[in-house]
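Notes for the one structure printed next.
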Amino acid sequence: MRILIVEDDANLNRQLAEVLKEAGYVVDQAYDGEEGHYLGDAEPYDAVILDIGLPEMDGITVLEKWRGDGKTMPVLILTARDRWSDKVAGIDAGADDYVAKPFHVEEVLARIRALIRRAAGHASSEIVCGPVRLDTKGSKATVDGVALKLTSHEFRLLSYLMHHMGQVVSRTELVEHMYDQDFDRDSNTIEVFIGRLRKKIGNDLIETVRGLGYRMQAPGNGN
């Protein structure tokens, strides 16, 4: 899962990025509204953390431009505690949730998890596919109750496939959501990670859809 942070406070931006990375997310960072708008417009994100009071272009304008261009990724806005008008303006501009400053970064992490789950159609913090259970809160997975030992890339891949269960996901889409903008992306590595995952969770859960990509679903749920 790939997250964009748009926050001009360098220290807060860094703290948020560290917590998100520790939780297994891929993170891109922007420090002003123009850079943030460009990244959100050009790159596919699973969620965005957007400050309202940004230099160059304010957060409300950034959000309105994204929504006006048809960008539908979940957006969590950061507002000042005493500025209720910012919260109203943000929600009206298309924000999905908000957190008032000062806040605990764990609250932001929990809200981001919830936004991503809801966007994918999942209400619970646990997602189940056959014998595989993904704990989005604890950033861990099990098979038949036994903990899976996964690398960070394997976990990101499994998480994305499980959030989009039943859907065909292309290799390009997986690459875009597994790596940050500065990473040397190679879609051929996806085949390697798919092979490793199949050895750990079973060959029948991840289907190769020839010419299109991959689909994860429990055995017997195919069309």
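The values are calculated or read from the model by the stated rules, or taken from the named source; none is laboratory data. These figures come from a predicted structure and were not determined experimentally. We place every Cβ from the backbone using ideal geometry, glycine too, and count neighbours over all the protein chains shown. Note: areas computed on protein heavy atoms with side chains; ligands, DNA, RNA excluded. Shrake-Rupley method; radii C 1.70, N 1.55, O 1.52, S 1.80 Å.
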Keeping all protein chains in place and using 1.4 angstrom, which order do 48, 19 fall into by accessible surface area, from largest down? 19, 48
Please give every one of the lysines within straight-line cross-link reach of residue 200, meaning a C-alpha to C-alpha distance under 25 Å, and leave out same-chain neighbours fewer than 8 residues apart. 21, 137, 140, 149
What whole-number value in Å² describes the accessible area per residue of the chain for a 1.4 Å probe? 48
Which of 168, 143 is most accessible, then next, and so on - probe 1.4 Å: 168, 143
Using Cα springs under 10 Å in a Gaussian network model of the chain, which residue among 61, 151, 136 shows the largest mean-square fluctuation? 151
Under 10 Å, Cα contacts only: if you run a Gaussian network model on the chain, which one of 117, 196, 83 comes out with the highest mean-square fluctuation? 83
Restricting the count to DSSP beta bridges whose residues both fall in the chain, what percent are antiparallel, rounded to a multiple of 5? 45
How many percent of the accessible area of region 74-223 is carbon or sulfur, using a 1.4 Å probe? 47
Expressed in µm² per second, the diffusion coefficient of region 102-173 from the Stokes-Einstein equation, with Rh the Kirkwood radius over alpha carbon pairs, at 25 °C and 0.890 mPa s, is 187
Just want to confirm a number: the relative contact order over the chain, from Cα pairs under 8 angstrom separated by 6+ residues, in percent. 17
Within the chain: Cβ-based charge dipole about Cα centre, in debye rounded to nearest 20 (Lys, Arg +1; Asp, Glu -1): 1300
